[in-house]
1. Sort the chain into rounded, prolate or oblate with this rule: let a ≥ b ≥ c be the square roots of the eigenvalues of the Cα gyration tensor; rounded if a/c is under 1.5, and if a/c is not under 1.5, prolate when a/b is larger than b/c, oblate otherwise.
2. So how compact is region 1-54: Cα radius of gyration and Dmax in angstrom?
3. Which of rounded, prolate, oblate describes region 40-119, given a ≥ b ≥ c as roots of the alpha-carbon gyration tensor eigenvalues and a/c under 1.5 marking rounded, otherwise prolate only if a/b is larger than b/c?
4. Give me the distance in nm between label points sitting 7 Å out from Cα along the Cα-to-Cβ direction at V71 and E28, one decimal.
5. S14 to K126: extension gain in nm, 0.36 nm per residue of separation minus the Cα-Cα distance?
6. Only Cα pairs under 8 Å and at least 6 apart count here; give the relative contact order of the chain as a rounded whole percent.
7. Within straight cross-link reach of K113, meaning Cα distance under 17 Å, which aspartates and glutamates are found once same-chain residues fewer than 8 apart are removed?
8. Running a GNM on the chain with Cα contacts under 10 Å, which residue among G50, G33, G88 ends up with the highest mean-square fluctuation?
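FYI, it's all coordinate maths here, none of it is from the lab. Worth saying up front: this structure is predicted, and the values here are computed from it rather than measured. For neighbour counting, all protein chains shown are included, and Cβ atoms are generated from backbone atoms with ideal geometry for every residue, glycine included.
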Amino acid sequence: MRVGIGYDIHRTRSGGPLFLGGIEIGSEFGLVGHSDGDCLIHAIIDALLGAAAEGDIGQHFPPSDKSLKGVRSTVLLKKVMEIIKQKGLKIIYVDSVIVAEKPKMAPHILKMKKALAPLLEIPEDKIGIKAKTNERLGEIGRLKAIACWAVCLLEER
Ligand code: MG
């Protein structure tokens, strides 16, 4: 069994769309990023790479790589799944937390699970996505950023 942890934070910018958990959410702001800015997927990717002892997202997809500009993070996750499988690993469970003051995430969580399940090759009931605000504290509380945490459990195939 292998456990991985991942964290990511992205600055917000005015104007949507907001990409999070592999879906597009109607929002007054989006996330700044070299890719689509989906920091939930980025946190999950880092958890997976950590569990596989394969470095981190920046090593595999450096911001200097112009071919990745604006890439959907779902595409990056697919590439990471290839690494996981090549190492003879499979995912048992992924759990995560979104820390965002806005928008309300609850209406979107089921859709995120449905988007992530086929990518992670696990059923929706093996994916945890929780959302909370930062109690209006700090930069996240002032709507300047959204952060995500993820952990995963992998096993040898
Ligand atoms: Mg990121």
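1. Details: a/c = 1.81, a/b = 1.42, b/c = 1.28.
Judged from the Cα gyration tensor, the chain comes out prolate (a/c at least 1.5, a/b above b/c).
2. Spelled out, the Cα radius of gyration and Dmax of region 1-54 are 12.8, 42 Å.
3. oblate
4. Going from the V71 label point to the E28 one covers 3.4 nm.
5. Net length gain for the segment: 37.0 nm.
6. Working: 350 pairs, mean separation 53.0, N = 157.
After rounding, I find 34 percent.
7. Counting by Cα, and skipping residues close in sequence, K113 has these aspartates and glutamates nearby: E24, D38, D95, E121, E124, D125.
8. Largest GNM mean-square fluctuation: G88.
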